[in-house]
Amino acid sequence: MQNPATEQFENDLQQLRHLIDALPVCISYVDANYHYQFINQVYIDWFGIPRAAVINKHMAEVIGEEAFQHVRPQVMRALSGESIAYETTVPYLHGGTRSISAQLFPVFDHDGKVRGCYAMIIDISQRKQSEEQLHLHEERWQLALEGSGDGVWDWYPQTGIEILSDRLREIYGYTKEDIADLSEELDRRTHPDDLRQMHLDRQAHFDGKTPIYINEHRVQCKDGSWKWILTRGTVIQRDSDGKPTRVVGTHTDISERKQAEVALRESEERLRMALSATHQGLYDLNVLTGDAIVSPEYAHMLGFAHDGFRENKKNWVARVHPEDIPAAARAFREHLEGRSDEYRVEFRQKKASGEWAWILSVGAVVEWDRDGRAQRMLGTVLDITEKKKTEALIWQQANIDTLTGLPNRRMFYERLDHDIKLSKRHKLALAVLFIDLDFFKEVNDTLGHSTGDALLIVAAHRLRKCVRESDTVARLGGDEFTVSLPEMHEENRAETIAQNIIRSMSTPFQLAGEEIYLSASVGITVYPRDADNLDDLIKHADQAMYAAKAQGRNRFSYFTPGLQTAALARLRMTNDLRTAIAENSLRVYFQPIVDIHSGKIQKAEALVRWLHPQRGFISPMEFIPIAETSGLIIAIGDLVFREALRWVRKWRELYRPDFQISINQSPMEFQGDQERYINWIHELALQNLPGQAISVEITEGLLLDASQKITSKLLQFRDAGIQVALDDFGTGYSSLSYLKKFDIDYLKIDQSFVRNLATDASDIVLSEAIIMMAHKLDLKVIAEGVETQQQHDLLKQAGCDFAQGYLFSKPLPPEEFEILLQRQKT
């Protein structure tokens with residue numbers, strides 16, 4: 001009698017075999033000697049061989065030597081212990097092939113030795129045939145379209161790849177070497193005026209608003225010419241979100257059609273002008289005598305009654321502005337000689353009232369004598385005075401600064417370019433002065449923009465008086481002005497003018513009942529010594545101006561190569577910093593802030609550190625100013641905030657529920673968009689953190705310039721529970737008034753006071769006074785830069801609340817800082 005357990009095992013094994021036989025997958029098992037030890041029913045069906053003819057047989061005997069050699073490398077890899085998957089086409093023993101997708105899995109014994117391998121095989125012959133048919137269909141489709149003269153493109157928007165046919169490249173005169181299979185290649189060759197509509201039409205199709213993508217635009221050919229193209233396309237594949245993954249289409253050259261349309265429009269315009277007698281005057285000119293028959297509108301346009309008005313060459317010349325006669329005569333002559341299709345000219349003509357009117361005259365010869373000489377011309381005249389006024393206004397707006405009446409940046413560049421050519425031709429030096437008004441921002445902020453504008457107008461007038469008529473003074477924007485001094489026979493003339501400008505700007509301005517004092521910083525660069533082109537001259541003058549500011553303002557500075565070197569160094573550091581931010585290479589360190597009475601770490605200050613791949617650690621004193629001037633400080637500040645949030649949440653949970661991290665905010669950050677701090681407060685809420693988890697450190701100077709924007713942000717912090725610390729207290733324009741006016745929670749005594757506590761009695765007195773005053777105002781005090789036990793004891797004796805410095809720890813990476821917290825807890 002069979003054991004019940006054995007019987008159950010055999011039943012389970014039999015059910016497993018039935019299951020494997022029922023799977024739509026060919027399954028087999030071979031041992032280490034390539035002999036079959038198991039096959040399922042699908043295997044028997046595929047090869048038409050009974051199971052008994054396969055088991056214990058070598059693979060080559062069953063599937064044929066050719067098929068065995070084809071799959072043998074993969075089987076060998078599996079028998080060496082590797083799991084693999086592959087696709088291939090295997091020859092049948094008796095002819096034909098089968099495309100398969102196979103997975104091989106090694107089987108190991110208890111000692112880890114490979115005993116054999118399982119193979120799971122799926123027939124993919126039908127899929128492969130479908131792919132081949134699709135590929136063949138696409139080839140036929142492309143050949144058919146290109147046979148009609150169209151170029152074909154096949155675009156994959158999510159990868160940027162756009163396969164271009166040879167015919168498409170041929171339309172523009174390019175070869176495969178000239179233009180890559182990337183969508184940007186055609187986009188950047190598309191006319192700028194056409195790009196926006198092209199993108200709108202394309203997106204409309206992508207969004208399902210149009211059945212096909214169709215657009216007409218210009219594309220630049222290899223030889224620089226432009227061709228009009230009709231592009232048509234359609235999305236043929238989309239991803240699960242409905243976004244296009246493949247778009248195909250064609251390019252058709254429609255340049256000839258477009259040219260015909262332009263010619264037709266121009267012809268219709270000429271016809272319209274010739275036939276219109278409502279708003280234009282008509283004339284019928286005898287070319288030989290100069291006499292003309294004119295319509296009443298012709299005479300009325302000039303302010304004359306039609307009765308008695310006689311038009312002839314003599315009267316016409318007498319009314320036309322002398323400066324315009326040569327151009328009108330030239331246009332008339334060119335048309336009569338057949339060098340132009342029509343006579344078209346604009347000129348000024350005196351009206352009966354004595355005013356000048358701008359006239360557009362358009363005409364064409366309609367009769368010739370037997371010798372081909374012109375006899376009769378028909379034409380129209382149109383008063384375009386208002387059009388000319390509009391053009392003059394547009395020119396004024398494009399070239400003249402509306403506030404000061406000086407040339408603007410565009411006109412200055414044009415004049416400077418002309419001056420450079422003049423100086424080059426006459427072999428004379430030229431100087432460019434870059435002028436910035438010192439402390440102008442303060443005037444704007446305190447007295448208002450209207451006073452600031454009035455000051456700029458007076459400053460512009462003073463600048464003009466410092467130079468010759470032939471020199472150019474321009475306003476580039478804000479409080480920045482430039483001067484071009486061409487054809488300088490004496491190079492020190494630039495220095496003399498710079499001194500005159502500085503002297504003129506230092507004279508008080510009497511505006512809005514106020515006496516305003518300013519100064520000017522002037523940068524000077526000289527052509528051709530410092531640069532031989534417009535861009536470099538202006539750039540170098542700008543660098544020299546900043547050098548003058550750095551030297552104390554109210555002075556001038558010449559450009560030197562060292563300034564360019566420094567500027568390049570700043571540019572490289574800016575680029576490296578931008579890369580570091582993008583690659584998340586900046587790190588946030590933390591320095592403990594200790595309760596001076598208990599000695600416990602209660603807070604930390606977050607400090608950013610930059611490990612440059614080539615230069616090593618770069619001091620924040622070096623890269624933070626660059627971050628501020630380049631605007632990168634915003635991204636850095638957000639990085640520090642995110643890191644501070646991440647760690648303060650952890651440390652409050654594990655070590656101190658009231659732990660707080662302080663974050664420095666530069667004036668540039670604080671004066672930025674208010675939405676940024678709204679996002680910060682929102683992020684605190686998302687992290688389930690109270691506002692007290694973060695404190696913001698600002699400088700005294702920020703409160704001196706306390707505009708409504710600054711005040712509202714401080715109130716925003718107060719309402720969110722975020723505390724504010726006044727950093728470096730005592731080093732700036734310290735004032736009790738803003739301590740009372742604003743919601744400040746902490747004063748941080750600058751380390752310059754702390755450093756000399758042991759030796760300088762005045763620093764001890766000042767520190768005690770600051771601490772006492774802060775406590776009277778209900779503020780806590782943090783001492784920075786505490787490095788010795790003696791400093792610590794003196795501060796503790798004076799009643800200071802917190803201390804920070806190398807006595808306790810240098811700034812540390814968060815992981816090392818956490819060790820301090822762990823030690824403190826234990």
Seminar exercise, completed: So the strands (runs of 3 or more DSSP E) completely within the stretch 490-546 holding 3 or more residues that are within 30 Å of residue 449 (Cα to Cα) and in contact with a Ser or Thr (Cβ under 9 Å, 6 or more places away or on another chain) are 519-527
For this session: Check whether at least one residue in the stretch 491-504 is surrounded by fewer than 17 Cβ atoms within 10 Å (Cβ to Cβ), in the same structural domain as residue 553 (by the TED database) and within 37 Å of the chain's Cα centre (by Cα), and report yes or no.
Result: no
For this session: Hey, can you tell me all the residues within the stretch 21-34 that are surrounded by 14 or more Cβ atoms within 10 Å (Cβ to Cβ) and touching a helix residue (DSSP H, G or I) at 6+ places or on another chain (Cβ under 8 Å)?
Result: 21, 25, 26, 27, 28, 30, 34
Exercise. Can you tell me which of 379, 372 is assigned to a loop (DSSP other than H, G, I, E, B), out of contact with any Cys (no Cβ under 7 Å at 6 or more places or on another chain) and of a type in the set (Gly, Ala, Ser)?
Worked result: 372
Seminar exercise, completed: Restricting the stretch 75-105 to residues that are within 15 Å of residue 31 (Cα to Cα) and touching a Ser or Thr at 6+ places or on another chain (Cβ under 8 Å), the one surrounded by the fewest Cβ atoms within 10 Å (Cβ to Cβ) turns out to be 105
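Within the stretch 318-330, work out how many residues are open to solvent by less than 60 Å² (accessible area, probe 1.4 Å) and within 20 Å of residue 385 (Cα to Cα).
Going residue by residue through the stretch 318-330, those that are open to solvent by less than 60 Å² (accessible area, probe 1.4 Å) are 319-321, 324-325, 327-329.
Keeping just the survivors that are within 20 Å of residue 385 (Cα to Cα) gives 319-321, 324-325, 327-328.
The total comes to 7.
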For this session: Please enumerate the residues belonging to the stretch 419-447 that are more than 25 Å from residue 546 (Cα to Cα) and in contact (Cβ under 8 Å) with a residue 12 or more places away in the chain.
Result: 422, 423, 424, 426, 428, 447
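Right, residue 395: of a type outside the set (A, V, I, L, M) and touching a Lys or Arg at 6+ places or on another chain (Cβ under 9 Å) or not? Don't jump to the end; show me each part of the working.
Values: of a type outside the set (A, V, I, L, M): yes; touching a Lys or Arg at 6+ places or on another chain (Cβ under 9 Å): no.
Considered against the rule, which asks whether it is of a type outside the set (A, V, I, L, M) and touching a Lys or Arg at 6+ places or on another chain (Cβ under 9 Å), residue 395 comes out as no.
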For this session: Would you check which residues across the stretch 599-655 are of a type in the set (A, V, I, L, M, F, W, C), over 19 Å from residue 582 (Cα atoms) and not in a helix (DSSP H, G or I) and list them?
Result: 601, 604, 606
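Would it be correct to say that residue 229 is modelled with pLDDT under 90 and either crowded, with 16+ Cβ neighbours inside 10 Å or closer than 19 Å to residue 163 by Cβ (or both)? Before you say what the answer is, go through the steps one by one.
On the way: modelled with pLDDT under 90: no; either crowded, with 16+ Cβ neighbours inside 10 Å or closer than 19 Å to residue 163 by Cβ (or both): yes.
The answer is no for residue 229.
Is at least one residue of the stretch 516-524 open to solvent by less than 50 Å² (accessible area, probe 1.4 Å), under 31 Å from the mean Cα position of the chain (by Cα), modelled with pLDDT of 90 or more and assigned by the TED database to the domain that holds residue 429?
Start the filter on the stretch 516-524 by keeping residues that are open to solvent by less than 50 Å² (accessible area, probe 1.4 Å), which leaves 516, 518-524.
Narrowing further to those that are under 31 Å from the mean Cα position of the chain (by Cα): 523.
Still in the running and modelled with pLDDT of 90 or more: 523.
Next, from what is left, pick out any that are assigned by the TED database to the domain that holds residue 429: 523.
Looking through the stretch 516-524, at least one residue is open to solvent by less than 50 Å² (accessible area, probe 1.4 Å), under 31 Å from the mean Cα position of the chain (by Cα), modelled with pLDDT of 90 or more and assigned by the TED database to the domain that holds residue 429.
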Exercise. Is it the case that residue 470 is over 22 Å from residue 510 (Cα atoms) and without any contact (Cβ under 8 Å) to a residue 24 or more places away in the chain?
Worked result: yes
Exercise. Somewhere in the stretch 60-71, is a residue in a strand (DSSP E or B) and open to solvent by 40 Å² or more (accessible area, probe 1.4 Å)?
Worked result: no
Exercise. For the subset of the stretch 343-378 comprising residues that are open to solvent by less than 50 Å² (accessible area, probe 1.4 Å) and of a type in the set (Phe, Trp, Tyr), which member is nearest to residue 303 (Cα to Cα)?
Worked result: 347
Exercise. Taking the condition touching a Leu at 6+ places or on another chain (Cβ under 7 Å) and surrounded by 12 or more Cβ atoms within 10 Å (Cβ to Cβ), does residue 334 pass?
Worked result: no
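Could you pull out the residue among 290, 303 that is open to solvent by less than 70 Å² (accessible area, probe 1.4 Å), farther than 24 Å from residue 389 by Cα and touching a residue at least 24 places away in the same chain (Cβ under 8 Å)? Before you say what the answer is, go through the steps one by one.
Values: 303 fails: farther than 24 Å from residue 389 by Cα.
One residue alone meets the criteria, 290.
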For this session: Have a look at 548, 644, 566, 606 and point out the one that is outside the structural domain of residue 693 (by the TED database) and buried (at least 16 other Cβ atoms within 10 Å of the Cβ).
Result: 548
Exercise. Filter the stretch 168-225 for residues that are of a type in the set (Ser, Thr, Tyr) and under 22 Å from residue 261 (Cα atoms); which is nearest to the chain's Cα centre (by Cα)?
Worked result: 190
Problem set entry | Residue that is surrounded by the fewest Cβ atoms within 10 Å (Cβ to Cβ) [pool: residues in the stretch 180-226 that are within 16 Å of residue 249 (Cα to Cα) and among the polar types (S, T, N, Q)] | 203
Exercise. Restricting the search to the stretch 659-711, which residues are farther than 18 Å from residue 643 by Cβ, open to solvent by 10 Å² or more (accessible area, probe 1.4 Å) and in contact (Cβ under 8 Å) with a residue 40 or more places away in the chain?
Worked result: 668, 674, 705, 707
For this session: Find all pairs meeting these conditions: Cβ atoms under 6 angstrom apart; at least six residues apart or on different chains; first residue within the stretch 618-632 and open to solvent by 50 Å² or more (accessible area, probe 1.4 Å); second residue assigned to a helix (DSSP H, G or I).
Result: 628/668
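The values are calculated or read from the model by the stated rules, or taken from the named source; none is laboratory data. The structure displayed is predicted, hence computed values, not measured ones. Here the Cβ is made from the backbone with ideal geometry for all residues, glycine too, and neighbour counts use every protein chain on show. For accessibility, only protein heavy atoms count, side chains too; no ligands or nucleic acids. Shrake-Rupley method; radii C 1.70, N 1.55, O 1.52, S 1.80 Å.
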